[in-house]
Amino acid sequence: MFMRNAVSIFVTAAGVVALNVASIGLAAEAPANPVALGSAISEAQLADWDLIVAPDGQNLPEGSGTAAQGQAVYQQQCAACHGAAGEGASGSPALVGGSVSTTPPLLTVGSYWPHASTLFDYVRRAMPPTAPKSLSNTEVYQVTAYVLHLHGVIAEDFVLDKNTLPAVQMPNREGFTDVSGN
Amino acid sequence: MDSKHNPEYVAGNGLIHRRHLLGLGLAGIGSIAAGSALGADTGMLSIPAWSKTPGNGPSDYGAPSPFAADVKRLAGGPSATAPGSGVSRTPLHLLRGTITPNSLHFERHHSGVPVIDPAQHRFVIHGLVRQALSFSYEDLLAYPMVSQIYFLECSGNSGANTVATAGDTNAAAIHGLLSCAEWTGVRLSTLLAEAGVTDTAAWITATGADAASMGRSIPLSKALDDVIIALYQNGEPIRPEQGYPMRLFVPGWEGNVSVKWLTQIKVADAPAHFRDETSKYTDLLPDGKSLQFTYPMGVKSVITSPSGQMKLLRQGIHEITGVAWSGHGAIRRVEISADSGRTWADAHIEAGQQHLALARFRLPWQWSGAPAILQSRATDSRNNVQPGRDIWMAGYNPANRYHYNAIQSWSVSAQGDVKNVYA
C-alpha cells in the first residue's frame, strides 16, 4: 500500500508557493515531491520528434541544400500560395522583399526575421499548411536556401547545412530589443 | 422624493456616485427614470403556458435557453490558405460577471484544433535537465493541483482600434480576444523539479501537438513562478479549442505563450526564436526597431454596456458596466467619464479574486438624451494607468497591432445609438 500524504499548497499574495506535506503514513522521511511519475526518456529517443531549431543551430539535422536545388521544391510546394518569386498573394504572406521603414512596412522573412534558424524551424514544422512535416530534412534545407536567396541573403550555390546555417547573417539581425527582463 | 434618494452627481453628463449601486440607493433614483422600454403592462396578467405543462427532463450536458441562442462567439470564416487557422471572439457585451463559459472562451488556432486521444498523448520535459522525463495524461492527473482564476488575452486583442479610422463594430469584434476562467492544473515548477533543471538553464521552449506545432519561449523565472499545466477549465476537462488534454497556462502574459496541446518543454539556455516570437508577436516601434518578448498584457478596461452597436431605448438611469484587467497584478481603480474624459468618477468594483483576473465594474448613469462619450480608465496594483489612444499610438509604429491597451471611447448619439469612436 502507498503511504498517504496530505498535501496543502498555500499561495501567498506575492504568488510564492509553500508546499506543506504532512505525512500520515509510517515513514519518517516524506519525499520532497510526493508524486514522481515521470518516466525516464533519452534524448536519442527524441531525435526525430524534437523539431526545435534555435539560432545556435545545435538541433539542426544532417543534410544540406542549395537555392539552386530548392527552386524545384519551392515551385512545387510553395509558389501556388506565396507567389513564383515569394511576393505573396491574397491569404498568403510575402516571404521576401519589403522593408521595415516604408509606410506601411512590409515585414517578410527577408526584411524582418532576425535569424535564419527560424525559417528552417518554421517551414519544417508548419509548411505547407495543408501537409505540415511532409518535407524531408533535405527539402527543408533546399527550400530554406531558396527563400534566403530570393531576398539576396545568400548566393545560389551557398550550401546550407547544420554548420553554415547558424552563421547566416539576416538583414534585420539588429532590429530587435529583448525586453523579457523588464 | 426625499434628499436621501436624490442622485448624487459626481462627474459631468450624468454620472452618479457608485454608492447608489449599494443597498437601496437605486430605488430612489428609479423614480426619476423614464420607465421600462416596453411600457407598463396594462391588462390582467395571465398564467403562461409553460406553467401549465411539465417541461423537459434532465439532460446529460446542458445547453443555453433557445431564447439566449444569440449569445455566441463571433467566429471568423474559414481560411482558404491556412486550414483551421483563425479566431473566434468572446461576446463580451452579452455577458455579465467575470467568468467566461467554456463554450464562449475565445479561440486562436494556427492550424486548427487537433483531436487528441489522451491515452496516446505524451508530454516530455527534456533539454537542460538531469533526467529527461515523459508524462502521460494519467500521470499528470495524479499530481497535486492548484485552481486559480485568470484572464487570457490575445496579444492582438483590440488591435482593430489601432487602424486609422474607427470601425463601426461591437465590443466582441474589437475586444473579444479576451476571456477569464478558473484554470486547474499541475504547477510546472513541480515537474521541472522532478526532471532537475541544470545550472545553465535560463529558458523553457514549449511546443504544442497541433499541426502547426506552435512554439514559444518563456524565461525560466516565470516558468518556476506561477505557470501551470492546465487540465481543467471551469471545473471540466479543458476544451479541445483550449488545448485538450493539456495546455501551458502563463498567467497575465499574452495568450500565445500559453501553448495549447502541450507536448514538449525543452529547457534551454536561450529562447528558440520561434516564428511566433520573431515574425509575429513582436511590437514594431516608430523607428522600425521592434520589441521582442513583450509578455505581460498591459492594464486595460472596456465598457461592455452600453457598447458599440447597442441602442439606448430610453432616457434615464442606465448602469455602465464593463471589465478591467492587468497582466501586472490586480485592478485597483476604474474611473468612468461620460464627457469624453473631461471629468471622471470612480466606478464600483465587484469584490472577488482580482489578481491577473477580470474585475467587473459598474456605475449608474443618468442619460439626459444629450450626446455623450463614454470611457473607462483602469489603474492596477502597480499604479500603471491605462493610456489614452493618442499616447499609445505615439509609442508604436502605426502598423503595430499588438498590446493595444488604450482607453475605449463609445459615443452615444441623441438617438441613443452607441458607436466605436476615437476621442
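The values are calculated or read from the model by the stated rules, or taken from the named source; none is laboratory data. Since we're looking at a predicted model, the values are computed, not measured. Every residue, glycine among them, receives a Cβ derived from its backbone with ideal geometry; neighbour counts consider all protein chains shown. Calculation scope for accessible area: heavy atoms of the full protein, side chains included, ligands and nucleic acids excluded. Shrake-Rupley method; radii C 1.70, N 1.55, O 1.52, S 1.80 Å.
Below are the figures for this structure:
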{"item": "Three-way shape call for region B:300-421 based on the alpha-carbon gyration tensor, with the a/c threshold at 1.5", "result": "oblate"}
{"item": "Average beta carbon contacts from partner chains per residue of B:269-277, 10 Å cutoff", "result": "6"}
{"item": "Overall form of region A:64-167 per C-alpha gyration tensor (a/c, 1.5; a/b vs b/c)", "result": "oblate"}
{"item": "Label point 7 Å beyond Cα of B:Asp60 along Cβ direction - residues of region B:75-114 with amide nitrogen under 20 Å", "result": "B:103"}
{"item": "Most mobile of B:Gly235, B:Gly288, B:Gly327 in a GNM of chain B (Cα contacts under 10 Å)", "result": "B:Gly288"}
{"item": "The protein assembly as shown - percent of accessible surface contributed by carbon and sulfur, probe 1.4 Å", "result": "55 percent"}
{"item": "Span from the region B:338-377 Cα centroid across to the region B:63-87 one, whole angstrom", "result": "29 Å"}
{"item": "GluC sites (Glu not before Pro) restricted to DSSP loop in region B:296-397 with at most 16 other C-beta within 10 Å", "result": "B:Glu350"}
{"item": "Simple Cβ-charge dipole of region A:64-167, Lys/Arg +1 and Asp/Glu -1, about Cα centre, in debye nearest 20", "result": "280 debye"}
{"item": "Cut-off under 5 Å, modelled amide H: who pairs with B:Val129 long-range", "result": "B:Thr198"}
{"item": "Two-site label geometry, A:Asp48 and A:Thr138: point separation in nm, points 7 Å out along Cα→Cβ", "result": "1.7 nm"}
{"item": "Using θ = phi - 60° and Karplus 6.51 cos²θ - 1.76 cosθ + 1.60, couplings along region A:155-160 (whole Hz; Gly, Pro as x)", "result": "6, 5, 9, 5, 8, 8"}
{"item": "Total accessible area lost when B and A pair, probe 1.4 Å, Å² to nearest 100", "result": "4100 Å²"}
{"item": "Per residue accessible area of the protein assembly as shown, 1.4 Å probe, in Å²", "result": "44 Å²"}
{"item": "³J(HN,Hα) computed for each position of region B:232-244 - Karplus, 6.51 cos²θ - 1.76 cosθ + 1.60, integer Hz, glycine/proline x", "result": "10, 10, 6, x, 10, x, 4, 6, x, 5, 9, x, 3"}
{"item": "Considering only the protein assembly as shown, percent of DSSP beta bridges that pair antiparallel, nearest 5", "result": "90 percent"}
{"item": "Rounded, prolate or oblate (a/c below 1.5 giving rounded, otherwise prolate when a/b exceeds b/c) for chain B by Cα gyration tensor", "result": "prolate"}
